[in-house]
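Quick note: the coordinates plus some simple rules give every number you see, no bench work behind them. What you are looking at is a predicted structure, and each value in this text was computed from that prediction instead of being measured. Cβ placement follows ideal geometry from the backbone for every residue including glycine, while neighbour counts extend to all protein chains displayed.
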Amino acid sequence: MQQKHPEYFNKDGYKVDKDDLCKDIFNLCKETSLWKEPEWITNQQVYDVFLAHNSNDKPQIQKNQAKLEDDYKLKTWIDIKGIRGGELITEKIESAIKRSKTIAIFFGQHGEGNWQSGEIAVAIARCFEKEVIVIPVLLPGFQEENLPLFVRIFRWVKFKNIEDTEAIEQLYEGITGKQLNQHNLNY
């Protein structure tokens, strides 16, 4: 015996199409002040990696970012490309972190930046919630003993120099979870 779907009627007794009813309910929800478009509706980009860093280290970070995107075809998020003038910084960073599969936290000779401190706290919280992978990245000259205590629990990638191929490969493998073989590269 086939099960019948319920029928819906408006206040005047006319039959209402179920799909139209769903659309109307959905549109009413969107009119409230609390409504935020779910990611499945907006089809927002998901990033392979969010690049948390001190702004003073940005030139080194941009070199790594270009290599990850150009040679390894990863989708990266970095503030200089992800935030336009006039946009709310905190909102953009929070959104990007939520949409990133991995957070690479870069530590360089300039130490930990102000914004980076917040990004580290969020990264660790998201990791403990099992939503993201955290990879500390030590730039040339940065010593492990200077890592914040809670960051030391993660396996880090250490660059001997900014062109360190082995380190960038370790970073790629940490981001993707895939063992790197040379045919993955686009040289």
Which residues qualify? For Tyr47, with a placed amide H closer than 5 Å and at least 5 residues away or on another chain, they are Ser100, Lys101
Quick one: P(r) of region 45-184 from all Cα-Cα pairs, 5 Å bins, percents rounded to integers, in order of increasing distance. 2, 10, 22, 25, 22, 13, 5, 1, 0
Which peptide among 50-56, 135-141 comes first, and what is the full order, when sorted by highest mean count of other Cβ atoms within 10 Å? 50-56, 135-141
For Leu51, what charge total do you get from the other residues with a beta carbon under 14 Å from its beta carbon, if Lys and Arg give +1 and Asp and Glu give -1? +3
Residue-count net charge about Asn146 - beta-carbon cut-off 14 Å; Lys, Arg +1, Asp, Glu -1: -2
